[in-house]
Each structure stands twice: as structure tokens, then as C-alpha cells.
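*Asks:* Encoded as C-alpha cells, here's the structure I'll be asking about.
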Amino acid sequence: MNTSDANHLQGKRILLIIGGGIAAYKSLDLIRRLRERGAEVRVAMTQAAQEFVTPLSAGAIAGGHVYVDLFDWRTEFDIGHIRLARDTDLVVVAPATADLMAKMAGGHADDVASTVLLATDKPVLVAPAMNPHMWSNAATRRNLAQLVADGIAVVGPNAGEMAEQGEAGVGRMAEPLEIVAAVEARLVARHETAGSLSGRRGLVTAGPTHEPIDPVRYIANRSSGKQGFAIALAAAAAGADVTLVTGPVSLADPPAVTVIRVESAREMLAEVERALPVDVAVFAAAVADWRVAEPGAQKLKKGAGGTPKLDLIENPDILATVARCRSKRPPLVIGFAAETEHVIKNARAKLDRKGCDWIVANDVSPATGIIGGDRNSVHLVTRDSVESWPNEDKQTVAHKLIVRIAVTLAAAAK
């Protein structure tokens, strides 16, 4: 474990509810990761969860009793499920199966897990995990919307291969470290930044853009959108009214954030301009620099004429457009610089060239694993200084950036 991750959750009490899905095996690693950071973890399991992992395994890693029976005389002599529901700082449901989410949305309470969830007055974080068709089913979408409306936070699910052979799509449970980061954002970040952006409006861009070559092909890049999504989530947790304009990514919408999905750079610019005015704009999207002047109306074919010629033209510069806007320029405009060499030098040049206030620069060379990965190592470049931050998960980078934004906006308001 990176030492910078240690003790982030020291003294925090986490109740982990394990649902009955194949992803339940990841819950054992999740317990370990939470305890590494100083959290006290207690565990409750549904009956179905016990078909995948045993209470003995979960209890051995958590270091305590595992709650599996609503009518267990050893724990219910003092209404133990109510005590369990209240004596915690955060309830985490991982995996949150379609059935368990339906119970939560409907207010059912027929086992220890669902009863605790109905009885708790503490914040709840769910990590959904299910087959892609179950995730996209209208009933699940209604249940998810109800849970979000009830104030429940959601992390994931991710896209990828399923346990079932030949199945792929959105439905994989978030990885344990992603869930830990969401826990930290829900507890630590909320404590440090709670209300710091209340009454503020924020705009964040994320992901790549897709610039069509023909109806099938397009110009793109490897951006995952994870950093931009993390920033939007952290800003919302700090009380801001956040609009997230994202290119094509496989990430679920962050809770309490207005999400607008686009394809091309021109679409992204139009939505960004529509979202103005705001107090802060963070341009984390990796916008394609060029597009094809005349995309093919039909799929381009190989032929005797050789390789087709693609005439490229520049896309609009979204960061520079907003930074140099006279009427609706945000008080704080922040750009990102994804570089493969001379990172700080190029970031300084970009700061001057674009007219923004800060640049968050990083080295996205393949060896770093940053682009598309879960961690980031950035330099915060301003007119007066350069701060080099350590390699951290993207949620931590987002939280630190939001702290700086809140401090800066507050100072400017004095």
C-alpha cells in the first residue's frame, strides 16, 4: 500500500453489507483495504451472499462477528440490528445486487441486511454488480433513480467481461480501491470540504471526443474520463451545483451531478457555452485537436486508388474559448495538460497560450499507466508557482483540487 493512502479512515466505522453475487469475493479484499486505512469494519451478509463467501472468511478478515440472521439470539437480545444500523459512520453495500437494490428502493425488511438498511440514519454507499441486461432493465433503472433521489451514493458499475461466458457490458462491480476512494470521498472529503462550495456553480468536462471519419470509424484517444468524473463528484460533495459534460465513456453518472453526454468537440463546446455562467470551470476532457473536414457519408472502402486521403482541420479550442470569453468567463478557469515530455515546460506554455488560471499537468506516457488508469501524478501550475503532487488515486487528486478551488474562491470573495 502506498504510504500516502494510510490512515485516511482512522477511527471511521464502516458497516459492509455483502449481497449475493459472484462479485462477493471482492468484498474480502475490500474489508482488508478499509482496515489498512484505519477503519473499523463490521459485516452483515445476505443468505445468498453466503453461497459465494463464508461468514468465517469475512469475519476473520474483519476481525469480528458477522451478522447473518435477523433472529440470532446472541445479537438480538438488545435489538442488535437497530444498534448495527446506528452505530456506524457509513453503510457500504458491495456487491449491491439487483434484488437488494429493489428491496432498498421498496423499503423491504425481511432479513438482517435489508432491515439494517431501512433502519439506518447514516449515509449509504452502494456498489452495484449484476448482468448488463439486469443493469439496463427498466425496473433496475427505476430503483436506481429512487435510491439516488433518497440520497444514496453510487460507485460503479464498470464495463467489462462478466462471469458468464460470452457476456460483457456495464455491470461489473467497482474494484475495491475504487470503492475505498468513494468511501473516503463520502466521509473524509465531505468532512474537510462540506459546504465549502455551497451556492457555487461548477462546470467539468471529461473523457475523449469522437470525431467521425465515416459512419463506422472515428478519431479518438485513450482517455477514460475517470479524473473528470472524480472532480465532478468531489465538487458536488462540497455543495456545488455541478454540470459534467462528458465525451463517450463507460462510467456511470455521478450522483447529484447534472451529466450531459456528447460525442464530438463541437458538441462539447456547445454544451459548455450553454452551461455558463459558472463560478469555476475545470476542463479535464481530452478533446481531439483535429477532425476530418468532410466525413464520409458511407463507410470508406479499400480500392485500387490506394489509401484514402483525410483532410484534417482544427477543432474549436474549448479551454481557450471560455478562458478568453469576455461576458461569461468564470472567475476560475482550470485546464488539463496531458504531456509525454517536458511536462512542466509545456504546461506553462499552455497556461499562457490558453489564458486560463491554472493548469493541471501530468505525464501520460504509456509507462506511467495514468491514461485510463485509476491513479494520477499531477503538477498544479499557476502563474506564480508549480506544485508537484505525489502519485495518488484519482479521487484523492480530485478532492485536493476541490480544496484548492474552494480556498481560492473564498479568498476572492473577501
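*Asks:* How many angstrom lie between the Cα centre of the range 351-375 and the Cα centre of the range 83-105?
*Replies:* The range 351-375 and the range 83-105 have Cα centres separated by 37 Å.
*Asks:* Rounded, prolate or oblate, given the Cα gyration tensor of the chain, with a/c below 1.5 counting as rounded?
*Replies:* Values: a/c = 2.14, a/b = 1.56, b/c = 1.37.
Prolate shape, in that a/c is at least 1.5 and a/b is the bigger ratio.
*Asks:* Mean residue ellipticity at 222 nm from the helices of the chain, using -39,500 (n - 2.57) per DSSP H segment of n ≥ 4 over the full residue count, to the nearest 500 deg cm²/dmol? Provide the component values of the computation, followed by the final result.
*Replies:* Numbers: 15 runs with 140 residues, N = 414.
That comes out to -9500 deg cm²/dmol.
*Asks:* Then there's this: In terms of the Cα gyration tensor, with a ≥ b ≥ c the square roots of its eigenvalues, is the range 96-188 rounded because a/c is under 1.5, prolate because a/b exceeds b/c, or oblate? Intermediate results must be reported in sequence, preceding the final value.
*Replies:* On the way: a/c = 1.97, a/b = 1.28, b/c = 1.54.
Taking the square roots of the gyration eigenvalues as a ≥ b ≥ c, the range 96-188 is oblate.
*Asks:* At q = 0.14 Å⁻¹, work out log10 I(q)/I(0) for the range 3-187 with the Debye formula, treating every Cα as an identical point scatterer and leaving solvent out; two decimals please.
*Replies:* Debye intensities relative to I(0), on a log10 scale: -0.71.
The numbers here are math on the coordinates, done by the rules we state, and not lab data. Only a predicted model underlies this, so the values are computations on that prediction, with no experimental measurement involved.
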